Amino acid sequence: MFLTDGGMETSLIFLEGLDLPHFASFTLLRSQYGRDRIKDYYRPYAETAVASRSGFILESPTWRANPDWAERLGYSAIALDAANRTAIEILQELARDYQTPASPFVISGCIGPCGDGYAVSDLMSTEDACDYHRRQIEVFSESGADCVSAITMTNIPEAAGIARAAKAIGIPCVISFTVETDGRLPSGDTLGDAIKAVDGASAGSVAYYMINCAHPAHFAEVLEQGGEWVKRICGIRANASQLSHAELDAAEELDIGDPQDLARRYSAILDHMPWVRVVGGCCGTDHRHISAISTACCGHEAAA
């Protein structure tokens, strides 16, 4: 079993009081103070993983570190590359500090959507998405990341383009879709159709799929009713809140939900899907949620 961190941006903004313009945590990498705050953010999660003898996936703070968001934030292409490199270097330092033979650490370069993580606007083609995300994936690969993870994917073409780019560069790729309260992607596609389409467009090169930025109440029933495609989902990074994306976007206060209830819902998913090996959090979750999830889930035996 591998744990992940929780909701980085919501934790840093609402719990730590930091200013993250455009929800971009990678802007903290510009100063030593910011880099220290990022390291401090990861430490409780790393300690939980080591204490539970679980693996840990160190996901880089680069969800917004792509050309469109970088331009809004005043970053040149050179400065953006430097930020993505620094993000991986920080994770490598943390891995050296914390990992043990019983708790291996995986360093993942986080890739976010070109646009909003909650909505679908101008859709890229698969080819354009491949070209758009290629440079960030190259920097992660050159910097020594173990894999790349495309988080909060809202549509098929962008996810497929990222998978193709990662395959061409030669680095393992994880695709994580987000869903609305009806269990469908913001694009309207079903999870099953999205997974099958991306696998088809990338010759099955995606290492595994995840669901993130949604509460289990929004997708658990879809997973229970799913077919063979469900076996491609090996990770869950759920929100703390049962609110919709639109409600969360408009919220002025953080809804942390119920960590124990969330952990029980994770455990129920693992009862049905014992091949899920990656569990963590997304918006509204922090180390309290991950600790509860670890207690509930890390005793599950691996699938045969």
Query raised in the report: In segment 279-298, what residues are of a type outside the set (A, V, I, L, M, F, W, C) and open to solvent by less than 70 Å² (accessible area, probe 1.4 Å)?
Result: 280, 281, 284, 285, 286, 289, 291, 294
Query raised in the report: Among the residues of segment 73-95, how many are assigned to a helix (DSSP H, G or I) and either among the aromatic types (Phe, Trp, Tyr) or touching a helix residue (DSSP H, G or I) at 6+ places or on another chain (Cβ under 7 Å) (or both)?
Result: 10
**Report entry** Search result, residues across segment 160-213 that are part of a strand (DSSP E or B), within 16 Å of residue 238 (Cα to Cα) and out of contact with any Gly (no Cβ under 9 Å at 6 or more places or on another chain)
**Finding:** 175, 177
Report task. Determine which single condition residue 285 fails, assuming it passes every other condition in (1) under 19 Å from the mean Cα position of the chain (by Cα); (2) over 27 Å from residue 43 (Cβ atoms); (3) assigned to a loop (DSSP other than H, G, I, E, B). Result -> (2)
Report task. Report yes if some residue within segment 24-47 is closer than 21 Å to residue 84 by Cβ, part of a helix (DSSP H, G or I) and at pLDDT below 95; otherwise report no. Result -> no
Query raised in the report: Which one is nearest to residue 4 (Cα to Cα) among residues in segment 75-130 that are open to solvent by less than 50 Å² (accessible area, probe 1.4 Å) and free of Cβ contacts under 8 Å to residues at least 12 places away in the same chain?
Result: 82
Report task. Please identify the pairs in which a residue from segment 180-194 that is under 16 Å from residue 243 (Cα atoms) and without any contact (Cβ under 8 Å) to a residue 12 or more places away in the chain has its Cβ atom under 8 Å from the Cβ atom of a residue that is part of a helix (DSSP H, G or I) and open to solvent by less than 30 Å² (accessible area, probe 1.4 Å), counting only partners at least 6 apart or on another chain. Result -> 184/191
Report task. Among the candidates 9, 71, single out the residue that is within 22 Å of residue 255 (Cβ to Cβ) and either of a type outside the set (A, V, I, L, M) or crowded, with 22+ Cβ neighbours inside 10 Å (or both). Result -> 9
Report summary line: Subset of segment 221-278, residues surrounded by fewer than 15 Cβ atoms within 10 Å (Cβ to Cβ) and in a loop (DSSP other than H, G, I, E, B), comes to 227, 252, 253, 258, 274, 275
Query raised in the report: Which ones in segment 181-210 are touching a His at 6+ places or on another chain (Cβ under 9 Å), open to solvent by less than 50 Å² (accessible area, probe 1.4 Å) and closer than 14 Å to residue 223 by Cα?
Result: 183
Requested in this report: May I ask you to list the residues in segment 166-178 that are of a type outside the set (S, T, N, Q) and either under 14 Å from residue 113 (Cα atoms) or over 18 Å from the mean Cα position of the chain (by Cα) (or both)?
Outcome: 167, 168, 169, 170, 174, 175, 177
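The values are calculated or read from the model by the stated rules, or taken from the named source; none is laboratory data. Keep in mind that what you see is a predicted model, and the values were worked out from it rather than measured. When we count neighbours, we look across all protein chains shown, and the Cβ atoms used for this are built from the backbone with ideal geometry, even at glycine. We work out accessible area using only protein heavy atoms, side chains counted, and drop any ligands, DNA or RNA first. Shrake-Rupley method; radii C 1.70, N 1.55, O 1.52, S 1.80 Å.
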